[in-house]
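Values quoted throughout were computed directly from the atomic coordinates according to the rules given, and no laboratory measurement underlies them. Because the structure is predicted, anything quoted here is derived from the model rather than measured. No Cβ is skipped: glycine too gets one built from the backbone with ideal geometry, and neighbour counts run over all protein chains shown.
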Amino acid sequence: MIRTYEDSDVRYTYRDALVESLRSTGELKVGQLHLLMSKSLGFCWGVDRALAMVKDACREYPNRPKWLLSSLIHNPTVNEDMLKLGIGFLHGPYAVQGAYEDLSEKDVVIVPAFSARVEDMEILRARNVTLVDTTCPWVIKPHKRAQRYIKEGFTTVIHGMVGHDETLSTCSLVENSGGQYLVVHDKMETQSLAAFLRGDLSGKMLMKWLHRDAALPGFDPDVHLKKVGIINQTTMLATESREIGDIIRLALLQRDGEEGLQDSFRDFDTICRATQDNQDAATEAVKENPDFFLVVGGYDSSNTKNLARVGDDRNIPSYHIEGVECLQGVITHRDRVTGEILQTADWLPSARPLKIAFSAGASTPDTILGAVVRHIAELVGESLPVFEEPTPKA
Ligand code: SF4
């Protein structure tokens, strides 16, 4: 039987009827308030699936110690809910000290949707724990492509974030498969890579410009950047990923010529469908020129960070917040460029009518977004319609 995670009871825990209605209509006008809702936002299929698998594990192994290798997804509310279910954490901010070292066959370990480092998987198998692997199938795509590059003698260039769980697992896979990788975070870093490829920058200078963990120790640009294959962390900004691919392609074209390029360059889009859909829908919403754009999701959620950037080209004031607690007189939000958590006063324009666009990351429960929308309506002095909350199908 094919399982439809959208109908799982876990998903209903996080559903919100107001958000469901706004998502389907795309907008709502009440008095002086015009709400523009991205038609694709919030939980993706991979998150639904991971949550359903956790719930199944709780049913199947009610009396065994259960652990998450690290955050199931990048949302603090959901991770706190995991603690409430009695699931401990082995790595990360909620980790129980010593638990990882003490694992044995009595334990059940849940691998998060971002996958895991090869080193961790080897330890878990050696300890004979029961594994519940929630790795999203979309995350497998860049893994497979990287392994193909290695076989063909290419170095994998990853458009991603050094230290992000998904990129850590990809880098570990490349290393353990005998390959080399280089992580570039943005266009600026890619321009340095392009300058090296064109012969305008030394390998030593290139490595100085990049993050110190962007490559394996001993990575030598002169040796390892002869053949380059690109993949993306699944949750990056798709438009930026395409530009990065173009920058590298052009530099290699200048270095190797049209014919040489066939042997020295590969590009494969591994942005996941949910990320692409949420970014496209947010782009449509900001085209309506809202007074501001509000994106709700965990500060460590890569896809949420990138969603918050879709309004930048149109100079729409944009805020990335974690939830309603960020709207207390000042707005507490993550700066899209520096990553700093800022507090900004006078964020709510006094002019009326007020048009606001909303989106939410693939790891953001609808309930959190719904609370934000209701609070803003309250601040503006407008009453939103009340919708009947959905219930799980029998
Ligand atoms: S954002 Fe994409 S890759 Fe990540 S869990 Fe969701 S579907 Fe999978």
- Length gained, Asp102-Asp291, 0.36 nm per residue minus C-alpha separation, equals 62.7 nm
- Query: To the nearest 0.05, what FRET efficiency results for Glu20 and Asp263 with a Förster distance of 35 Å applied to their C-beta separation?
  - Reply: 0.10
- Task: Tell me the label-point distance for the pair Glu60, Ser350, using the 7 Å Cα-to-Cβ offset, in nm and rounded to one decimal.
- Result: 5.9
- Mark the label point 7 Å from the Cα of Arg198 along Cα→Cβ and return the residues of segment 146-183 whose backbone N is within less than 20 Å of it. none
- Rounded to the nearest 5, what is the percent of antiparallel bridges among the DSSP beta bridges in segment 138-267? 10
- segment 45-136 - convex hull of the alpha-carbon atoms, volume per residue in Å³: 85
- Packing-based ranking, highest mean first, of 350-357, 40-47 given that Cβ atoms within 10 Å are counted: 40-47, 350-357
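Rounded to two decimals, what is the ratio between the C-alpha radius of gyration of segment 138-267 and 2.2 N^0.38 Å?
Dividing the Cα radius of gyration by 2.2 N^0.38 Å gives 0.94.
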- Message: Using a Cα-Cα cut-off of under 12 Å, which aspartates and glutamates could be cross-linked to Lys55, ignoring same-chain neighbours fewer than 8 residues away?
- Response: Asp9, Asp81
- Message: Can you compute the helix-only [θ] at 222 nm over the chain? Use -39500 (n - 2.57) per DSSP H run of at least 4 residues, normalise by all residues, nearest 500 deg cm²/dmol.
- Response: -12500 deg cm²/dmol
- The distance between the Cα centres of segment 331-363 and segment 91-111, in whole Å, is 37
- Query: Roughly what would the spin-label model give for Val337 and Thr130, points 7 Å off Cα along C-beta, in nm?
  - Reply: 5.2
- Message: Need the full-extension length gain, Lys151 to Arg242, defined as separation in residues times 0.36 nm minus the C-alpha distance. One decimal, nm.
- Response: 30.3 nm
- Go through Ile248, Phe219, Ala282 and say which Cα lies farthest out towards the positive end of the charge dipole of segment 189-338; charges sit on Cβ, +1 for Lys and Arg, -1 for Asp and Glu. Phe219
- Query: Which of the aspartates and glutamates could be linked to Lys151 by a straight reach, that is with a Cα gap under 14 Å, when you skip same-chain ones fewer than 8 residues away?
  - Reply: Glu175, Asp263
- What's the center-to-center distance, using Cα atoms, between segment 119-165 and segment 190-252 in Å? 20
- Message: Given R₀ = 25 Å, what would the calculated FRET efficiency be for Asn176 paired with Ile140, taking r from the Cβ atoms and rounding to 0.05?
- Response: 0.95
- Message: With both bridge residues required to lie in the chain, what share of the DSSP beta bridges run antiparallel, to the nearest 5%?
- Response: 25
- Item | Virtual paramagnetic centre 7 Å along Cα→Cβ of Ser383, amide N under 14 Å, in segment 323-353 | none
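Among the listed pairs Lys204/Lys226; Lys187/Lys305; Lys187/Lys226; Lys226/Lys305; Lys144/Lys287, which are separated by more than 25 Å between their Cα atoms?
Beyond 25 Å between Cα atoms: Lys226/Lys305; Lys144/Lys287.
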- In whole percent, the Cα-Cα distances of the chain spread across 10 Å bins from 0 upward as 5, 22, 28, 25, 15, 5, 0
